[in-house]
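Colleague: The structure's right below; bear with me while I get my questions together.
Where a number appears in this text, it was derived from the coordinates with a stated rule and is not lab data. None of the values given here were measured: they were computed from a predicted structure. Here Cβ is always computed from backbone atoms with ideal geometry, including for glycine, and neighbour counts include all displayed protein chains.
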Amino acid sequence: MAELDLWKDPWPLDEKQCPCDVHFTRYLAQSGRKGQRIFHFGTGSHHHVGLNAPSGDHAVLGITASEAEYSAYIAAIVGNPHLGRYYKVQFQDIYQTNFALLPEFDIVNLFHVGEFRWEKNIPYSSIDDHGLVDGMAQKLVSGGLMLLYTGSFAYDVAERIIPKVASERGLIEEPRFETLRVFRKL
């Protein structure tokens, strides 16, 4: 019987190796944005973004394909039920995203584009990396932001995709913030 080949290990917070989540929460704090609906691709077992988006200020929908990360989320919610009011995590392969089931977002983080597209899962995918970036760009409200992580080992994938999507979906580049590229939807 075939099965999805998902990420097996938890991803602890290691700012030296992968600072994107920390950079994003700093960006949120410095930009003064409040009440943002945030889509966050790749929660890590640390759940830094969800845990650091202050209650009442933001609503975060994270996505993970790691059972260990999802278990860490469940433990966090059980230990702090208040967290569940503004931080939700969906367990799925990102390439099986059904955009009809997603709301609009003020901010979309696609820090890990290209990192999880594996041959074994392609037969079960409904989209590829271009489809992911394009579909999420369509879910952005006017004035919404899409952020990409320049330090990803697969950043070249995002770098190839973003010019076409930006042109077709009305995304204009804003100044970078640390390791993050920021695009605003017209």
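Colleague: Among Val165, Val108, Phe153, flag the residue with its Cα farthest along the positive direction of the charge dipole of segment 20-185, charges on Cβ as +1 for Lys/Arg and -1 for Asp/Glu.
Modeller: Of Val165, Val108, Phe153, it is Val108.
Colleague: Let me know the charge dipole size of segment 20-185 about its Cα centre in debye, to the nearest 20, where only the beta-carbon of Lys, Arg (+1) and Asp, Glu (-1) is charged. Could you put the intermediate results ahead of the total?
Modeller: Values: 16 positive and 18 negative charges, 103 e Å.
My answer is approximately 500 debye.
Colleague: Right, another one. Put a dot 7 Å past each Cα toward the Cβ at Lys164 and Arg184; how far apart are the dots in nm?
Modeller: Distance between the two pseudo-spin positions: 2.7 nm.
Colleague: Can you work out the FRET efficiency for the pair Ala68 and Glu174, with r the C-beta to C-beta distance and R0 = 45 Å, to the nearest 0.05? Can you show the working numbers first?
Modeller: Details: r = 34 Å, r/R0 = 0.76.
The computed FRET efficiency comes out at 0.85.
Colleague: Further question on the same structure: Name the shape class, rounded, prolate or oblate, that the alpha-carbon gyration tensor gives for segment 14-102, where a ≥ b ≥ c are the square roots of its eigenvalues, rounded holds for a/c under 1.5, and otherwise prolate holds if a/b is larger than b/c and oblate otherwise. Write down the numbers at each step before the final one.
Modeller: Details: a/c = 1.26, a/b = 1.22, b/c = 1.03.
Rounded, since a/c falls under 1.5.
Colleague: Name the residue, out of Ser71, Ser142, Ser167, whose mean-square fluctuation peaks in a Gaussian network model built on the chain with Cα pairs under 10 Å.
Modeller: Ser167
Colleague: Using R₀ = 22 Å, calculate the FRET efficiency as 1/(1 + (r/R₀)^6) where r is the Cβ-Cβ separation of Asn98 and Asp57; round to 0.05.
Modeller: Values: r = 28 Å, r/R0 = 1.28.
E between Asn98 and Asp57, to the nearest 0.05, is 0.20.
Colleague: Just check the chain against the gyration tensor rule for me: Cα atoms, a ≥ b ≥ c as the square roots of the eigenvalues, rounded for a/c under 1.5, and otherwise prolate or oblate depending on whether a/b exceeds b/c. Mind dumping the intermediate values first?
Modeller: Numbers: a/c = 1.43, a/b = 1.03, b/c = 1.38.
Rounded, since a/c falls under 1.5.
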